[in-house]
Structure formats: C-alpha cells, structure tokens
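*Asks:* Shown below is the structure under consideration.
The values are calculated or read from the model by the stated rules, or taken from the named source; none is laboratory data. On a predicted model such as this, the values are computed, not experimentally measured, just so you know. Here Cβ is always computed from backbone atoms with ideal geometry, including for glycine, and neighbour counts include all displayed protein chains.
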C-alpha cells in the first residue's frame, strides 16, 4: 500500500526495529532530495562554538538545544551525531621515568602509533604495480589495553625497555569525533518538518531556538537549507518579472499601454483563488506553490486576452465600445470555460497524488486549480468591464488631444504660409 509504504512510514518502522540494537545507535535518514546538497534529507544546521568553551560545556548547550527543538510542534526527527560521553582509553606517559630509563618520549608515541595505528614507510614497484609499505601490528595484538605490555622501546643505550614501564592507561569519557565547520568546533543538527509545516518554518524555528543560546555560540546552515537562505525572497522577483514580461508583450501586440493593464487585472482573481484553495486544504505557501503562482500569471492572462482580442476586432469593425465588449464576452465565454476546465481537470492528478514527491505535487496542483477557478468563475465577469473602462478612457483622452490640435490657429502651425499684410 503506497500510503503505508511511503518514505516516512519506512523510516518509522526502521527506527523502531533498529532501536533494539544495544551495541550502538542507528538513526535511519532520508537522502537529500537534491543529490550533492547535504548528506541527509531534511534541514541541516551547525551549532558552532566560537569561544573557549570546553567539550562538556559545548555538549550541554547542544543537548539543551536538541531538547528544546524536540518540544516544538513544527519539528520532527531532530537528531545529532555528537556524543561527548563515549568510552576512550587514555594513555599517560611518565616523562620523568622515561628520561631516567633513557627512552625518548617521541619514541614512546611513535611505537604506540605504529603498532596500534599505522605508519607509512615507503613504496615499491612489483608486477607493474605500485605497492605501499605500512607498519602495523596484527589485529589480534592490538585489541585490548593489555596489549600495551607486549610493546618494547629501544633506549639510548640500546637495551629494550617494555612500554608498560613508562606508560599507564585508564578509561575516560570524551567525544568520539570532533568536527569543524568554518574552522569552528561544530555539531550538525538535522531536523525535518512535521506534518502540516514547510521547510521555511523549520528554518525559522531553528533560528528562534538559536537566539536562546549563549552569546559565544552561533549557527550556520549547510545543504539545502543554505541554498534556501541564499535564494530566499527571489520567488517574488520572479513573479514581478513575469508580470512585466506579459505587460510588454501585450503592449507590443495591442500597440497600446492601457489594454495590458486590463489583462493583468485578471491576475489578482487567480491569486485569490489559489490562496483560498491551499487555505481550505491546509497546505503551506512553499516554493512549489509559488511556482504555480508564476504559472497562473499566464493562465489568468489567457482568459482576458481571449475577450480583449475579440473586443479589439469588434472595435475595428466599427462597433461602439459597449457593443464590442458585450459581443466579445458572449462569444468567448464558451472557449474560456472549456479551456479552463480542461486545464483544471488535467491538474487534478497533481492535487491527489500519492507516493514520492506527493507534497510538492499537492502544492502545485491545488494552487493552480484554485487559481484557475478564481480566474474563470470570478474574473470572467470583471474582464469585460475592465476593457470597457479602459477603452472609454482611451477614447476620451484621444478626443481631448484632437480638440486641442483643432484649436491651434493655422498661422501658428509649422510650415504655415505667411499672412498677407492688411491695408
């Protein structure tokens, strides 16, 4: 069943099953929706330590932030991979005793690195391949802390000194991994939007929670959240430029500056229908809905153009402004309704989509359907009125210009013949 086997349901079931593992913590995560932008799906934020706080203080701030984030209804799946209490083996080197035995301290560290870690020595060619020489103890000899007793270090007089004579070991707690972001010690926080909330609200909520942290801590964004912050507010510019392009194209087509305004007056009705549709359905004003709004500029203008085009042709045929307007409205009502219904029915699958990317399709489909209903059911009654008002005003303005031109004396015009002298 697609409703029970979607990504969210699979993650929940996987989390329940993997939470039974006692040897470690397994957190199932979605991949990023855009490959390469981040390592996991959701909103990625980094908490940065910009002061001189210790790891314990940093961990306390991070844990407090995560606890407060989990209480917010806008967020879900708030996680971080920082663990400041992992078990570690700390080896202390007795420098005074090493000096007494003639063992250089650097040799002690070098021996532990070589046997318990690895050390690159050199490389050689064999069988047309390049091989690396790496020193390292066998796995069976570097599994337990007691294996330190099997290591010997050469002293300055050439004798072999057991490593256990100059080092002691003990278990402590500390972070298993310290990451840095923008050169600051940082911890990555991942959060997802709860049902009914958008990614923009997630970012706003995390920023609000960040204001409650101490002043020596800051936040930074990465992945899709960083791109969203960088490009925030550009959808409004796209919408405005869309209106400008439609206006310029119509002005060139009609060779008038007034009629394009009447065509664009149909756009607010489409916006009203789109906003009402997502409000009734409980959706958010996300980026996908804003893409649908940009598309509605052309769709709403289409209905107005159908009426304006025929009204202009009727005016050129000699009809009055009122008759040309009413005739165009009557003749183009059926094509407007038919084309609008065809487009609305074509968007229904988007509005009721299920499966992957269903939420984005809901936003686009619902917004376009609501906008087309508003542009068809409401704007179609106002578009003829817009044409009538604009054309009437244009004619009155033209008559005033003609009247002013007719009142100018012929002698004062350019190129007029000189008047004869009076006797």
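*Asks:* Testing residue 283 on (1) within 22 Å of the chain's Cα centre (by Cα); (2) modelled with pLDDT of 85 or more; (3) buried (at least 18 other Cβ atoms within 10 Å of the Cβ), one condition comes back false. Which one is that?
*Replies:* With (1) within 22 Å of the chain's Cα centre (by Cα); (2) modelled with pLDDT of 85 or more; (3) buried (at least 18 other Cβ atoms within 10 Å of the Cβ) applied to residue 283, the lone miss is (2).
*Asks:* For the subset of segment 336-349 comprising residues that are over 32 Å from the mean Cα position of the chain (by Cα) and surrounded by 13 or more Cβ atoms within 10 Å (Cβ to Cβ), which member is farthest from residue 301 (Cα to Cα)?
*Replies:* 341
*Asks:* Kindly list the number of the only condition in (1) outside any helix (DSSP H, G or I); (2) over 46 Å from the mean Cα position of the chain (by Cα); (3) surrounded by 15 or more Cβ atoms within 10 Å (Cβ to Cβ) that fails for residue 147.
*Replies:* (1)
*Asks:* Related question: Which fully enclosed helices (runs of 4 or more DSSP H) of segment 320-423 have 3 or more residues being outside the structural domain of residue 194 (by TED's automatic domain parsing), within 30 Å of residue 9 (Cβ to Cβ) and modelled with pLDDT of 80 or more?
*Replies:* Counting at least 3 such residues, we get 321-351, 358-377.
*Asks:* Which one is modelled with the lowest pLDDT, of the residues in segment 237-279 that are under 29 Å from residue 348 (Cα atoms) and out of contact with any helix residue (DSSP H, G or I) (no Cβ under 8 Å at 6 or more places or on another chain)?
*Replies:* Of everything passing the filter in segment 237-279, 237 is modelled with the lowest pLDDT.
*Asks:* Sticking with this one: Inspect all residues belonging to segment 236-257 and state whether any of them is touching a residue at least 60 places away in the same chain (Cβ under 8 Å), part of a helix (DSSP H, G or I) and crowded, with 19+ Cβ neighbours inside 10 Å.
*Replies:* No, segment 236-257 contains no residue that is touching a residue at least 60 places away in the same chain (Cβ under 8 Å), part of a helix (DSSP H, G or I) and crowded, with 19+ Cβ neighbours inside 10 Å.
*Asks:* Filter segment 205-226 down to residues that are modelled with pLDDT of 90 or more, more than 15 Å from residue 48 (Cβ to Cβ) and surrounded by 17 or more Cβ atoms within 10 Å (Cβ to Cβ), then give me how many there are.
*Replies:* The qualifying residues number 1.
*Asks:* Evaluate the following for residue 47: is it under 30 Å from residue 202 (Cα atoms), modelled with pLDDT of 90 or more and within 34 Å of the chain's Cα centre (by Cα)?
*Replies:* yes
*Asks:* Looking at this structure, is residue 187 modelled with pLDDT of 90 or more, surrounded by 14 or more Cβ atoms within 10 Å (Cβ to Cβ) and assigned to a strand (DSSP E or B)?
*Replies:* Considered against the rule, which asks whether it is modelled with pLDDT of 90 or more, surrounded by 14 or more Cβ atoms within 10 Å (Cβ to Cβ) and assigned to a strand (DSSP E or B), residue 187 comes out as yes.
*Asks:* Taking segment 159-178, which residues are touching a residue at least 60 places away in the same chain (Cβ under 8 Å) and part of a strand (DSSP E or B)?
*Replies:* Listed by number, the residues that qualify are 161, 167, 168, 169, 170, 171, 172, 173, 174.
*Asks:* Please work out if residue 143 is within 24 Å of residue 87 (Cβ to Cβ), in contact with a helix residue (DSSP H, G or I) (Cβ under 9 Å, 6 or more places away or on another chain) and modelled with pLDDT under 90. Explain how you work it out, then say what you get.
*Replies:* Numbers: within 24 Å of residue 87 (Cβ to Cβ): yes; in contact with a helix residue (DSSP H, G or I) (Cβ under 9 Å, 6 or more places away or on another chain): no; modelled with pLDDT under 90: yes.
No: the conditions fail for residue 143.
*Asks:* Pick out the one residue from 352, 307, 378 that is surrounded by fewer than 17 Cβ atoms within 10 Å (Cβ to Cβ) and touching a helix residue (DSSP H, G or I) at 6+ places or on another chain (Cβ under 6 Å).
*Replies:* 378
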